[in-house]
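Only one structure is covered here, and it is reproduced in the block below.
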Amino acid sequence: MFQLISLSDVVRIPPEKFNGPLAEVAVEILKMRYESTLTPEFGYIILVSDVSVEPVGKLIQGDGGTYHRATFSVLAFEPRLQEIVEGEVVEITEFGAFIRIGPADSLLHISQIMDDYISADLKQGIISGTNSGRKLAVGSKVRIRITAVSLSRGISMGKIGVTCRQPFLGALEWIQEDTAKKEGGQKKKDA
């Protein structure tokens, strides 16, 4: 889930940056500190915006920098258990597919793709079901449910596990086929 979160922090302005505009220097420092990081509390922090810096800072003896309180917003992506999201297949491997959801890649294990015998053609980047004939390829759009989330602090990507072995999940064309079959069956039933 994407969300805007309001935060506050203290920004140290180093002496070599005193000549620059305070707001611009603080934005630069906050972007370096927060953007492209991962926290267990907020998930993936993508963007820092709406920065407001107190113009009067504090000095600490023995440190040449000034410390200013800043309030700002961050755009974060926090994957949540059981959340249904849409993404794109970015890589096919022997053990499944990697699906890009937001700023992260999640693992769709081969056992979680479909109820069918599955074969993977790594050269062509395709996973196919033997009986159903359904295919999953690099670039396919999919709807998936998040089943496992492991986020740690820092720049590491964390781990997200997903499934599409439930009704109305999987490649978007599979969902359209299933919906058309269900509607066709309902029309015959009503007639």
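In the set (1) in contact (Cβ under 8 Å) with a residue 24 or more places away in the chain; (2) outside any loop (DSSP other than H, G, I, E, B); (3) surrounded by fewer than 17 Cβ atoms within 10 Å (Cβ to Cβ), residue 108 fails one condition alone, (3).
Which of the following residues is at pLDDT 90 or above, touching a helix residue (DSSP H, G or I) at 6+ places or on another chain (Cβ under 8 Å) and under 30 Å from residue 175 (Cα atoms): 142, 53?
Numbers: 53 fails: under 30 Å from residue 175 (Cα atoms).
Being at pLDDT 90 or above, touching a helix residue (DSSP H, G or I) at 6+ places or on another chain (Cβ under 8 Å) and under 30 Å from residue 175 (Cα atoms) holds for just one of 142, 53, which is 142.
Every residue, every condition in (1) outside any helix (DSSP H, G or I); (2) touching a residue at least 40 places away in the same chain (Cβ under 8 Å); (3) assigned by TED's automatic domain parsing to the domain that holds residue 159, yes or no:
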position: 8; (1), (2), (3): yes, yes, no
position: 12; (1), (2), (3): yes, yes, no
position: 16; (1), (2), (3): no, no, no
position: 23; (1), (2), (3): no, no, no
position: 30; (1), (2), (3): no, yes, no
position: 38; (1), (2), (3): yes, yes, no
position: 41; (1), (2), (3): yes, no, no
position: 44; (1), (2), (3): yes, yes, no
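When the range 126-183 is filtered for residues that are part of a helix (DSSP H, G or I) and either among the hydroxyl-bearing types (Ser, Thr, Tyr) or on the phi > 0 side of the Ramachandran plot (or both), only 179 remains. For residue 132, indicate whether it is within 20 Å of residue 84 (Cα to Cα) and among the polar types (S, T, N, Q). Taking the combined requirement at face value, the residue does not satisfy it.
If I filter the range 23-37 down to residues being surrounded by fewer than 18 Cβ atoms within 10 Å (Cβ to Cβ) and modelled with pLDDT of 90 or more, which single residue comes out as nearest to residue 67 (Cα to Cα)? The qualifying residue nearest to residue 67 (Cα to Cα) is 23. Among the residues making up the range 78-105, those that are assigned to a loop (DSSP other than H, G, I, E, B) and within 18 Å of residue 145 (Cβ to Cβ) are 78, 79, 80, 81, 82, 83, 102. Of the set (1) closer than 30 Å to residue 57 by Cα; (2) more than 12 Å from the chain's Cα centre (by Cα); (3) surrounded by 15 or more Cβ atoms within 10 Å (Cβ to Cβ), all apply to residue 71 but (3).
The values are calculated or read from the model by the stated rules, or taken from the named source; none is laboratory data. Only a predicted model underlies this, so the values are computations on that prediction, with no experimental measurement involved. Every residue, glycine as well, gets a Cβ built from its backbone with ideal geometry; the counts of neighbours run over all protein chains shown.
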